[in-house]
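Taking it in order: structure first as structure tokens, then the write-up.
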Amino acid sequence: MADDLEMNVGQQFDRLPATDADRTVEGRASREAVLEYFGDRFGIPPETFEEHTFWEKGAGKIWIYSGESPSPAEIEALGMTCLRTRQDHWKPTTDFVQRFGRHATRCVVDLSDAEATRFADGEDQSLEWDGDWGYLIAAHDVDGDREPIGVGLYLHDELRSMIPKGRRRSL
Amino acid sequence: MEPLERYRPIVDDFEAFQAACGRPLGIAVRVNTIKASVERAIATLEHDDIEYEQAAWNPRVLRLETDSPGSTWASFHGFVHTQEEVSAVPPVVLDPDPGETVFDACAAPGGKATQLAALMDDRGTVVANDSNLGRLSALRFNAERLGATSLAVTHQDARNFSFAPLAVDQFDHALVDAPCSCEGTIRKNPTTLEEWSEDHVHSVAGIQKGILRRAVQATQPGGTVVYSTCTFAPEENEAVVQHVLDAEDCRVVDVDLDPDLEYAPGVTEWNDETYDPSLERAIRIYPHHNDTGGFFVAKLEVGA
């Protein structure tokens, strides 16, 4: 069991260390790094997550939870998945973006009704974007307010829909 | 529909009851206030030209004029969740507060667990437990789509639920929406009663008693346990509560619901058995009352 401190165990939830300096598992993201990512990339203020804790289960799969739990916790799910961290580019989940993306001020691409419908159906589409390439929040207007739809990947004048197959809908 | 004949002695206006059971059920959704206000959910439905009617007893429950409630922006955004109208009753009766710890013993596919989370402003913990792994994956899918961050999902047999993996050692409240013979869902699934037998009713009642006892034991003194089923059989309803009244320290208390929801009191006599008079405080919702499915709900307070 001592090894648990040094490696990632796929079947249990481990709470993220506060900072990279507190890290005992190689490669594991820290809470500070996660908040920095959401802040730097999307402009989501760190205060948004004051009442939440972050957890890793499986390599790089980060979960966000609002309650109390011992760490490690061997249960099926703790809150909701929010971020993939063990890739070159971190990638937020569609469900996280739908829940917290309304706090974003950067890297949000506003879609027309027709573009939004294609995006929800999983279609890639050509469109102009003069911001950073990479993972973006796709949003549209709902009753006068911006509403996040999901995660898009913008590369070479194309917005790819990252909506998971099971979440796609023909609207 | 033949098995329903046994309820003639306890159902008021039995002909209306039978007629309602033969009619198909309309589509209802619950507004998921974790993601949207009722106003925003309604505006989104209106934008898609979907006709709706708010349930008189609960403004968060909408009856929709559509055959495909899942193919709407309101559903895609997780503003609404399709569930039977009366399924929204037990969490309203439980009435949890933000920050509390609630046990949902038979939680999959998650409609009531996420409703509990919404009633708690998604703060605190809903331990969403189920013994069936396949149904747990449906629960997780729904929980993520609805944006619930306060669920801790466990996979156990609720009859001997263990606190071992959790940071809590007692719950503030528990919901036991027990597996049952599902007679009340006949309007949604007309074949429900084809497999019906009295033996099945008795065997499922044994499981229900075990789950409800464990839920009462796991709840702190003064806490609330809500027991519900979607069936009419007193063997699975009043008799199960009676068993737990005899075996554990708890009592039946009044349910508090909007007067626009019509229901009958729990029964205190069935065949050769009598139940504690307090079981009149339980409620029986029949399909002809509010043009919904059928439901039984009892609210228990754990002995202080």
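Within the stretch B:44-72, the set of residues being in contact with a strand residue (DSSP E or B) (Cβ under 8 Å, 6 or more places away or on another chain), facing another protein chain (nearest Cβ under 8 Å) and open to solvent by 20 Å² or more (accessible area, probe 1.4 Å) comprises B:HIS47, B:GLY70. Looking at the stretch B:263-275, can you tell me whether even one residue there is touching a helix residue (DSSP H, G or I) at 6+ places or on another chain (Cβ under 8 Å), surrounded by fewer than 16 Cβ atoms within 10 Å (Cβ to Cβ) and assigned to a loop (DSSP other than H, G, I, E, B)? No, there is no match, as no residue in the stretch B:263-275 is touching a helix residue (DSSP H, G or I) at 6+ places or on another chain (Cβ under 8 Å), surrounded by fewer than 16 Cβ atoms within 10 Å (Cβ to Cβ) and assigned to a loop (DSSP other than H, G, I, E, B). Number of residues in the stretch B:151-161 that are within 11 Å of chain A (Cβ to nearest Cβ) and either open to solvent by less than 40 Å² (accessible area, probe 1.4 Å) or over 27 Å from B:THR33 (Cα atoms) (or both): the value is 5.
Restricting attention to the stretch A:53-71, report how many residues are at the interface with chain B (Cβ under 7 Å from one of its Cβ atoms) and surrounded by fewer than 21 Cβ atoms within 10 Å (Cβ to Cβ).
Residues flagged as at the interface with chain B (Cβ under 7 Å from one of its Cβ atoms) and surrounded by fewer than 21 Cβ atoms within 10 Å (Cβ to Cβ) within the stretch A:53-71 amount to 3.
Scanning the stretch A:4-29 for residues that are among the small types (Gly, Ala, Ser) and outside any loop (DSSP other than H, G, I, E, B) turns up just one, A:ALA21. Just one of the listed residues (B:LEU25, B:LEU45, B:LEU4, B:LEU62) is closer than 30 Å to B:GLY210 by Cα and either among the basic types (Lys, Arg) or touching a residue at least 12 places away in the same chain (Cβ under 8 Å) (or both), namely B:LEU4. Looking at the stretch A:148-164, can you tell me whether even one residue there is more than 20 Å from A:TYR37 (Cα to Cα), out of contact with any Pro (no Cβ under 7 Å at 6 or more places or on another chain), surrounded by 17 or more Cβ atoms within 10 Å (Cβ to Cβ) and within 10 Å of chain B (Cβ to nearest Cβ)? The answer is yes, given that some residue of the stretch A:148-164 is more than 20 Å from A:TYR37 (Cα to Cα), out of contact with any Pro (no Cβ under 7 Å at 6 or more places or on another chain), surrounded by 17 or more Cβ atoms within 10 Å (Cβ to Cβ) and within 10 Å of chain B (Cβ to nearest Cβ).
Hey, does the stretch A:75-97 have a residue that's within 13 Å of chain B (Cβ to nearest Cβ), open to solvent by less than 10 Å² (accessible area, probe 1.4 Å) and over 28 Å from B:LEU133 (Cβ atoms)? No, the stretch A:75-97 contains no residue that is within 13 Å of chain B (Cβ to nearest Cβ), open to solvent by less than 10 Å² (accessible area, probe 1.4 Å) and over 28 Å from B:LEU133 (Cβ atoms). Looking at B:GLY266, B:GLY210, just one residue is in contact with a Leu (Cβ under 6 Å, 6 or more places away or on another chain) and in contact (Cβ under 8 Å) with a residue 24 or more places away in the chain, and that residue is B:GLY266.
Every listed requirement among (1) open to solvent by 20 Å² or more (accessible area, probe 1.4 Å); (2) modelled with pLDDT under 95 is met by B:ILE186 save one, (1). Of the numbered criteria (1) in contact with a helix residue (DSSP H, G or I) (Cβ under 6 Å, 6 or more places away or on another chain); (2) open to solvent by 50 Å² or more (accessible area, probe 1.4 Å), the one A:CYS107 fails is (2). Output the number of residues of the stretch B:1-11 satisfying the condition of being in contact with a Phe, Trp or Tyr (Cβ under 8 Å, 6 or more places away or on another chain) and closer than 17 Å to B:ILE283 by Cα. So the count comes out to 3. Being within 12 Å of chain A (Cβ to nearest Cβ) and small (Gly, Ala, Ser) holds for only one residue in B:ALA148, B:ALA215, B:ALA174, and it is B:ALA148.
Scanning the stretch B:12-38 for residues that are part of a loop (DSSP other than H, G, I, E, B) and open to solvent by 10 Å² or more (accessible area, probe 1.4 Å) yields a count of 10.
The values are calculated or read from the model by the stated rules, or taken from the named source; none is laboratory data. All of these numbers come straight from a predicted model, not from anything done at the bench. Note that each Cβ is placed from the backbone with ideal geometry, even for glycine, and that neighbours are counted across all protein chains shown. Keep in mind that these areas ignore ligands, DNA and RNA; they rest on the heavy atoms of the full protein, side chains included. Shrake-Rupley method; radii C 1.70, N 1.55, O 1.52, S 1.80 Å.
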